[in-house]
Amino acid sequence: MQLGFFYLLKDSDEPLRNGCINHSKSSVVAQVFTIKLDHRLSEAEYDKIIEWARSILPKGNRLKENFYAVKSMMKPLGLGYQKIDMCPNFCMLYYLENAEMTECMICGHSRYKPRTGKGKTLVAYKKLRYFPITCRLQRLFMSPRTAEHMTWHQSHDAVDGVMVHPSDGEAWKHFNSVHPHISAESRNVRLELCTDEFNPFGSFAAPYSCWPVTLTVYNLPPGMCMWLEFMFLSMTIPSPSSPVRNIDVCLRPLIDELAQLWSSGAFDL
């Protein structure tokens, strides 16, 4: 996985075709892949577009031939996610020690919707989608373009009485004094967790709330830490209603991963 990522970085410097200066092998893949997602194209439609594009490009071009090849190329990025069934009342997750349960231990609600016919796949009432954070944090140190900025929070020249970054604040300094073993290593990652409710279908649609949970990397300078590239989506909590006080149930996979990173860190992919 680690070697594959470095090959992917190399592809970003390899031109799409000989003499091309505007597009690299990986930049074209990323752009076309984004178009597929934005316009909800099927895999067959995507493959047709790529087939046509390859037919008008000069021979020897490096455009991937189909959607399957693109997925294989992007796999080393480690951008997969986990589907975790959950109680529709936000009581519990069917996760780890509770993964085999078929009804909620709190409210008794069934995990799966009633089957409509023989052989039908079991479908959970509600699913949480969790995007692991470890691989994405490791990527920041594997690329020289970002690794050099991951110690900025400690190396920059602070001005007394002026706050240009959270590292200039009293809360940050208090954390450093309480956990000196963490602050002693400037490469240790500092994260901000944020979540809020929004209606993805607009204010005039039927009432529906979705709770995205994002993590922002505060090792980076102010000009970078607010870029979308460094705001990592950790999970989406879907529901017609708010999880209210049970949001901690939804956050368990993230808290477990952060606790593991706190105690033992992450060194190898």
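Given the alpha-carbon gyration tensor of the stretch 128-269, what are the semi-axes of its equivalent ellipsoid in whole angstrom, ordered largest first, with each equal to the square root of 5 times an eigenvalue?
For the stretch 128-269, the ellipsoid semi-axes come out as 30, 18, 16 Å.
Can you give me the relative contact order of the chain as a percent, contacts being Cα pairs under 8 Å and 6 or more apart?
15
Place +1 on the Cβ of every Lys and Arg and -1 on the Cβ of every Asp and Glu in the chain, take the dipole about the Cα centre, and give the residue among Thr236, Val123, Val217 whose Cα lies farthest towards its positive end.
Most positive-ward Cα: Val123.
How much of the accessible area of the stretch 146-186, in percent, comes from carbon and sulfur atoms when a 1.4 Å probe is used?
Values: 1500 of 2680 Å².
About 56 percent, which is the carbon plus sulfur part of the accessible surface.
With the convex hull built on the Cα atoms of the stretch 51-112, state its orientation-averaged projected area in nm².
Taking the Cα atoms of the stretch 51-112, their convex hull projects to 7.1 nm² on average.
What helices in the chain pass both tests, a Cα length along the helix axis of 27 Å or more and a mean Kyte hydropathy of 0.0 or higher, using whole DSSP H runs?
none
Given the rule -39500 (n - 2.57) for each run of at least 4 DSSP H residues, summed and divided by the residues of the chain, what is its mean residue ellipticity at 222 nm, to the nearest 500 deg cm²/dmol?
Details: 12 runs with 97 residues, N = 269.
Rounded to the nearest 500, the figure is -9500 deg cm²/dmol.
Classify the chain from the C-alpha gyration tensor, please: rounded if a/c falls under 1.5, else prolate or oblate depending on whether a/b exceeds b/c. It would help to have the intermediate numbers written out before the result.
Values: a/c = 1.90, a/b = 1.02, b/c = 1.87.
Oblate is the answer for the chain, as a/c is 1.5 or above yet b/c matches or exceeds a/b.
Find the centroid of the Cα atoms in the stretch 32-58 and in the stretch 61-92, then give the distance between the two in whole Å.
If we compute the Cα centre of each part, the gap is 18 Å.
Cross-link candidates for Lys36: which aspartates and glutamates have Cα within less than 18 Å, leaving aside residues fewer than 8 places away along the same chain?
Partners within reach: Glu45, Asp47, Glu51, Glu65.
Please return the longest stretch of the chain lacking exposed loop sites, where GluC sites (Glu not before Pro) count only if DSSP places them in a loop and at most 11 other Cβ atoms lie within 10 Å. It would help to have the intermediate numbers written out before the result.
On the way: sites that count: Glu65, Glu100, Glu148, Glu185.
So the longest stretch without any such site is 186-269.
As a quick test, which of the pairs Lys75/Lys126; Lys127/Lys173; Lys25/Lys127; Lys83/Lys173; Lys48/Lys75 have an alpha carbon distance above 29 angstrom in this structure?
With Cα atoms farther than 29 Å apart: Lys127/Lys173; Lys25/Lys127; Lys83/Lys173.
How much accessible area per residue does the chain have, in Å², with a 1.4 Å probe?
62
The values are calculated or read from the model by the stated rules, or taken from the named source; none is laboratory data. As the structure is a computational prediction, the values presented were derived from the model and not from experiment. Every residue, glycine as well, gets a Cβ built from its backbone with ideal geometry; the counts of neighbours run over all protein chains shown. Ligands, DNA and RNA are stripped out before the accessible areas are found, and what is left, the full protein with its side chains, is counted by its heavy atoms. Shrake-Rupley method; radii C 1.70, N 1.55, O 1.52, S 1.80 Å.
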